[in-house]
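The values are calculated or read from the model by the stated rules, or taken from the named source; none is laboratory data. These numbers come from a predicted model, not from an experiment. Glycine gets a Cβ as well: all are built from the backbone with ideal geometry, and neighbour counts include every protein chain shown. To get the accessible areas, we keep the full protein, side chains included, count just its heavy atoms, and leave off ligands, DNA and RNA. Shrake-Rupley method; radii C 1.70, N 1.55, O 1.52, S 1.80 Å.
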Amino acid sequence: MGIDASIRNQFPILDQQVNDRKLVYLDSAASSQKPLVVIEAIDNYYKTVHSNVHRGVHTLGTRATDAYEGARENVRRFIKAQHHEEIIFTRGTTTAINIVASSYGMEHVEEGDEIVVTYLEHHANLIPWQQVAKKKKAKLKYVDLTADGRVTIEAVKAQISDQTKVVAMAHVSNVLGTINPIKEVTQLAHAVGAVMVVDAAQSAPHQQIDVTDLDCDFLAFSAHKMCGPTGIGVLYGKKALLNAMEPVEFGGEMIDYVGLEESTFKPSPYRFEAGTPIIAGAVGLSAAIDFLEQIGLSNIEAHERELAQYAMAQMRDIEGLTIYGPEERVGLVTFNLGDVHAHDVATVLDMQGIAVRAGHHCAQPLMRWLGASSTARASFYLYNTKEEVDALVTGLRQTKEYFSHGF
């Protein structure tokens, strides 16, 4: 199935007016909208299946367990992991990376070791490593970027050394749309005995992920950016690494044996899923994966890239508008309009029914690297159209006109 207008009709939230204008939703990098099949899957779960999982021997308990573990298997297949034990359900990308930092990082990083990151990182893939570096007296090293915001293999080689224990990198920048060479960087990390941690929050919704081919050690993403519900995400980790890691939360479901003074824990994934898990979220994520695969990740990626290129070609004709990032990018465009603050741009666009993001995008070090306090960002997904890009460009021209008169 290709991308056509019928896709948009499957997202009921888009069929509305905002500020008396037809809604143009260009904020999917922050959170995507949900198709009816995902909404109905969660609704049906609560209406006909819900119970707690794993421990119940009654029929509903079995159905709920089958739905939850079926979702895990669907995620495994989606990212081409080798074992279902390598799929841990978390609250999202942030929680997933914090598990790796709090467990693997705190256990394996020692004083004088190095953690390599880039200036492109979302705070979720930076602050956890700052905490590890602080507590273990390790060194946090930043990979330099090219002038247009790309990561080169040469720049990575310049930062990795025999002291490197962790390389943490976004697959795709949430600000610049930069696509990082994860497979090649993973090879460099492994050559010095380091593990590779991948923030896939901005890639998993838009392109096929193959963790076996990438050979990364850990990879994290969130459901709500890929047509799934909020409150659930995935941590992929190699089975041997996960089973050697200490849990970070303790309680029901994750234990093997509990004594008066000591306890032992189940193997992965359950050792990292203490308490009642996010069952309905997993069901919704599984439905979202089915939906995206029916359309085709390659079709989705091509559609979004076409929209981004179409948008940039028109936005470059607006005098005073600055576009950040490389030409080769995923489906997002980050920009500033002259000296108008990004929040003011977003507010005026919202008055025209157009939703874009404004601010530092949880990437303050990158904002400083860009020399900007904030930027506006239009991000595209499978339900967006060229007509909506035209509406954005018209809105930007009107915004410029609005502020040129001293407002």
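Annotations for the structure displayed:
- Some residue of segment 360-377 being touching a residue at least 60 places away in the same chain (Cβ under 8 Å), touching a helix residue (DSSP H, G or I) at 6+ places or on another chain (Cβ under 9 Å) and hydroxyl-bearing (Ser, Thr, Tyr): yes
- In segment 14-23, residue farthest from Asn384 (Cα to Cα) [restricted to those that are loosely packed, with under 12 Cβ neighbours inside 10 Å and not polar (S, T, N, Q)]: Asp20
- Within segment 242-264, being open to solvent by 40 Å² or more (accessible area, probe 1.4 Å) and either under 23 Å from the mean Cα position of the chain (by Cα) or aliphatic (A, V, I, L, M) (or both) holds for Ala244, Val248, Glu249, Ile255, Val258, Leu260.
- Entirely in segment 72-159, the helices (runs of 4 or more DSSP H) that have 1 or more residues that are under 20 Å from Asp215 (Cα atoms) and either of a type outside the set (Val, Ile, Thr) or modelled with pLDDT of 95 or more (or both): 93-100, 153-159
- Counted residues, segment 24-41 - those being open to solvent by 50 Å² or more (accessible area, probe 1.4 Å) and hydrophobic (A, V, I, L, M, F, W, C): 3
The rows are residues; the columns are (1) among the aliphatic types (A, V, I, L, M); (2) over 24 Å from Arg357 (Cα atoms); (3) open to solvent by less than 30 Å² (accessible area, probe 1.4 Å).
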site: Ala124; (1), (2), (3): yes, no, yes
site: Gln130; (1), (2), (3): no, yes, no
site: Ala138; (1), (2), (3): yes, yes, yes
site: Val156; (1), (2), (3): yes, yes, yes
site: Leu214; (1), (2), (3): yes, yes, yes
site: Phe221; (1), (2), (3): no, no, yes
site: Cys227; (1), (2), (3): no, no, yes
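- Unmet criterion (only one of (1) open to solvent by less than 10 Å² (accessible area, probe 1.4 Å); (2) over 24 Å from His171 (Cα atoms); (3) touching a helix residue (DSSP H, G or I) at 6+ places or on another chain (Cβ under 6 Å)) for Gly353: (3)
- Pick from segment 373-402, criterion outside any helix (DSSP H, G or I) and small (Gly, Ala, Ser), ranking: most open to solvent (accessible area, probe 1.4 Å): Ser373
- Count of segment 269-305 residues which are assigned to a loop (DSSP other than H, G, I, E, B) and in contact with a His (Cβ under 9 Å, 6 or more places away or on another chain): 2
Here's the yes/no breakdown for (1) of a type in the set (D, E, K, R); (2) farther than 17 Å from Leu382 by Cα; (3) assigned to a helix (DSSP H, G or I):
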| residue | (1), (2), (3) |
| --- | --- |
| Gly177 | no, no, no |
| Glu184 | yes, yes, yes |
| His190 | no, yes, yes |
| Met196 | no, yes, no |
| Gln202 | no, no, no |
| His224 | no, no, no |
